[in-house]
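The structure appears right after this line, and notes come after that.
The values are calculated or read from the model by the stated rules, or taken from the named source; none is laboratory data. Owing to the predicted nature of the structure, the values given are computational and were not obtained by experimental measurement. Heads up, the Cβs are rebuilt from the backbone with ideal geometry, glycines too, and the neighbour counts pull from every protein chain shown. Remember, those area values only see protein heavy atoms, side chains included, never the ligands or the DNA or RNA. Shrake-Rupley method; radii C 1.70, N 1.55, O 1.52, S 1.80 Å.
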Amino acid sequence: MNVAAASTIQDLRTLARARLPRAVFDFIDGAADDELTLGWNASDFDALAWCPRVLVDVTQRDSSATILGIQSKLPLIVAPTGLASLVWPRADALLAQAAYASGVPFTISTSSSVRMEEIRRDAPEARLWFQVYLYKDRDLVRSLIARARAIGCEALVLTVDVPLLGRRLRDRKNRFTVPLRPTGRLLWDLLRCPGWSAQILRHGVPRMQNFVDGEREASVASLAALMTANMDASVTWDSVAWIRDQWPGRLVLKGLLHEEDAVRAVGCGVDAISVSNHGGRQLDGATSTIRALPAIISAVSGRAEVFVDGGIRRGSDIAKACALGATAVMMGRAALYGAGAGGRAGADRAFAILAEELDRCLALLGRPIASRLDSSCLRQRE
């Protein structure tokens with residue numbers, strides 16, 4: 001099977017798994033500790049059942065959404081993913097191009113393996129957002145924000161659920177490090193994955209390019225150490241106000257699961273909240289995002305847009321999130337599976353699959369307009 005024949009995101013995941021070294025695939029696919037939250041993110045979508053309406057004219061269907069005041073072809077935002085070029089050379093730029101072709105925003109990760117200015121160069125018309133952490137080094141944060149403004153990013157996504165990094169046991173088992181260190185398993189994987197290995201030899205080992213400047217010409221190992229050491233466990237709500245002062249544009253707070261935090265976020269002047277548990281990669285055992293969504297929607301009460309991040313594998317998952325009140329979903333792994341399976345063609349196929357599934361879901365549900373979905377079309381399965 002090639003990417004053109006893939007009919008589901010799971011197909012693309014299977015193709016990516018076959019093409020990538022075990023350590024690289026597990027880095028994008030895995031999560032923290034026992035990966036309970038990773039599983040719940042998906043299974044709690046499955047626990048929501050449709051209750052369709054019939055004898056409705058669904059000839060004309062509309063999957064569009066208004067996201068931060070701008071029309072999007074789908075209620076979908078590409079979430080930030082670090083070191084994406086591990087799965088395909090210059091994957092960040094390829095994903096930005098694919099997102100633009102599909103009419104959805106793309107979020108550049110602080111840890112992207114293509115410099116943000118190069119992503120803008122390769123995708124000049126794309127709706128780019130930029131994700132940042134509140135590092136201890138506030139000058140570094142200021143610099144990153146200033147660069148994001150300079151390339152015309154329309155929104156800043158502040159990730160707030162990483163006072164320190166979660167423990168990812170797959171990475172420990174694989175002895176996954178950045179850069180990759182020679183181990184028996186890695187050497188076997190390099191032989192088993194000749195296409196990937198040839199690309200790494202041709203393009204080099206990915207680096208966290210947004211940290212590389214005249215003062216930080218260092219190996220990726222020291223850059224990774226710089227980022228990890230810069231995680232600030234002392235961050236409070238006062239720091240969100242500081243970010244609001246630094247960034248005059250649209251501000252998204254990513255990493256909330258509790259409705260009281262959502263109320264405080266609105267009070268800080270954020271434009272949108274992303275209900276997120278970091279894809280299960282931080283606190284294992286945290287609630288799934290789709291279960292946390294309704295209480296946050298109620299608490300926000302229309303004062304900010306609400307996105308949901310985690311577990312999106314089907315177009316019908318997007319529809320379920322919208323039915324519960326989300327403006328849009330943020331999706332990371334599905335895009336990486338596409339890029340890992342076949343570069344730009346795989347990324348395009350991932351977006352096409354989700355769009356096709358969402359369109360079909362709207363027709364069969366008897367609800368032809370995605371923005372008008374509501375909870376009356378859902379039932380909770382035990």
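Checked against (1) within 16 Å of the chain's Cα centre (by Cα); (2) surrounded by 24 or more Cβ atoms within 10 Å (Cβ to Cβ); (3) of a type in the set (Phe, Trp, Tyr), Tyr100 passes all but condition (2). Can you tell me which residue within the stretch 332-356, out of those that are under 24 Å from Glu305 (Cα atoms) and open to solvent by 10 Å² or more (accessible area, probe 1.4 Å), is farthest from the chain's Cα centre (by Cα)? That would be Ala355. Looking for something part of a helix (DSSP H, G or I), open to solvent by 30 Å² or more (accessible area, probe 1.4 Å) and closer than 27 Å to Thr110 by Cβ - is there at least one such residue anywhere in the stretch 42-59? Yes - at least one qualifying residue is present in the stretch 42-59. Checked against (1) over 30 Å from Leu190 (Cβ atoms); (2) at pLDDT 95 or above, Arg90 passes all but a single condition, namely (1).
In this structure, Asp122 does not qualify as farther than 21 Å from Asp309 by Cβ, without any contact (Cβ under 8 Å) to a residue 12 or more places away in the chain and either open to solvent by 40 Å² or more (accessible area, probe 1.4 Å) or of a type in the set (D, E, K, R) (or both). Of the residues making up the stretch 278-313, those that are of a type in the set (S, T, N, Q) and open to solvent by 10 Å² or more (accessible area, probe 1.4 Å) are Gln282, Thr287, Ser298, Ser301.
Only a single item in (1) out of contact with any helix residue (DSSP H, G or I) (no Cβ under 6 Å at 6 or more places or on another chain); (2) among the β-branched types (Val, Ile, Thr); (3) open to solvent by less than 30 Å² (accessible area, probe 1.4 Å); (4) farther than 13 Å from Asn210 by Cα is not met by Val141, and it is number (4). For beta carbons closer than 6 Å, sequence separation of 6+ or different chains, a first residue in the stretch 38-55 that is under 11 Å from Gly310 (Cα atoms) and a second that is among the polar types (S, T, N, Q) and at pLDDT 95 or above, the qualifying pairs are Trp40/Ser288; Asn41/Ser288; Asp44/Ser288. On inspection, Ala23 fails the criterion of being part of a loop (DSSP other than H, G, I, E, B) and crowded, with 18+ Cβ neighbours inside 10 Å.
Take the stretch 289-319 and flag every residue that is over 17 Å from Ile9 (Cα atoms), of a type in the set (D, E, K, R) and either part of a helix (DSSP H, G or I) or modelled with pLDDT under 95 (or both). Hit for the stretch 289-319 is Arg291, nothing else.
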